[in-house]
There are 2 protein chains.
Amino acid sequence: MDASKRSYAPINFAQKLAQFYDQWQPRVIAELNEYQFKIVRIEGDFIWHDHPETDEAFIVLEGSLRIDFRDGSVTLGPGEMYVVPKGVEHKPYAAGEVKMLLIEPRGTLNTGHAGGERTARNDIWI
Amino acid sequence: MDASKRSYAPINFAQKLAQFYDQWQPRVIAELNEYQFKIVRIEGDFIWHDHPETDEAFIVLEGSLRIDFRDGSVTLGPGEMYVVPKGVEHKPYAAGEVKMLLIEPRGTLNTGHAGGERTARNDIWI
């Protein structure tokens, strides 16, 4: 490769995670058209909520994530993903800390339609 | 958890990869609204192409992926991602086999605007 050429920086999940330690506050690390990739640490119980306008993708990087639905649940480990369909009520739960990626449209709130005190700040880049 | 409740299956990248061994043929493993998550094995050189209508996200699962641009390159390892902006010419290269995820709108062809013999079948689910 020509030495005059640029070396672009990859987006490294571990490096991004090392920049914050608070839980339940997603950080945006990349955009794909009108969608955002967010990285987040969570632990414990969240609230029941849904996203009436959009599906939501979860990719687990570390830990074990359970997503409860009204009629069941899915449990994700590292190297696993799940897409919660729009309008489906769900409640993430992590017995120990989980580090994960979320992929969803720009502007999607973590509490979706439910709102309330667990609503995180949106569109925080890292 | 109520024993009558359903246990939903996560999407496991390693399990999906174990279902095929051909290279350069993406398989769809999930959809997020009008976007698809595709898993693919690649090795060697691809062709220069661009996607005039969409950004394209790469997440490397195994191996080392170099994406060449006309003015430089980015090299991704496991746990790293990159978003190639729409309209930017790029050429993936893998010295050894790379296993990766692509996220892009349904209908996006692997050769984008370039077409030709390297164009893979689209919308193959696994």
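Read-outs throughout are calculated quantities, based only on the coordinates presented, and are distinct from any laboratory measurement. As the structure is a prediction and not an experimental result, all values here were calculated from the model. With ideal geometry, Cβ positions are generated from the backbone for all residues, glycine too; neighbour counts draw on all protein chains shown.
Each of the GluC sites (Glu not before Pro) that DSSP puts in a loop and that has at most 15 other Cβ atoms within 10 Å breaks chain B; the longest unbroken stretch is B:54-116. For segment A:45-68 versus segment B:1-75, the inter-centroid distance based on Cα atoms is 20 Å. Each other copy holds its own label point for A:G77; taking that point as 7 Å from Cα along Cα to Cβ, the gaps run 2.3 nm, nearest first.
Evaluated over the protein assembly as shown, the count of Lys pairs having alpha-carbon atoms less than 13 Å apart is 6 (only pairs 8 or more residues apart or interchain).
Diffusion coefficient (Stokes-Einstein, Kirkwood radius over C-alpha pairs, 10 °C, 1.306 mPa s) for the protein assembly as shown: 84 µm²/s, rounded to a whole number. Taking chymotrypsin sites (Phe, Trp or Tyr not before Pro) across segment B:1-39, the ones in a DSSP loop with at most 10 further Cβ atoms lying within 10 angstrom of their Cβ are B:Y21.
For segment A:13-126, a/c is less than 1.5, where a ≥ b ≥ c are the root eigenvalues of the C-alpha gyration tensor. That puts it in the rounded class. For segment B:24-105, relative contact order (Cα pairs under 8 Å, six or more residues apart, normalised by length) works out to 41 percent.
Sorted from nearest, the other copies put their B:Y8 label points 3.3 nm away, the label point being 7 Å from Cα in the direction of Cβ. Inter-copy label distances at B:Q23, shortest first and taken from points set 7 Å along Cα to Cβ: 4.3 nm. In chain B the longest region clear of trypsin sites (Lys or Arg not before Pro) that are loop-assigned by DSSP and have at most 14 other C-beta atoms within 10 Å covers B:6-69.
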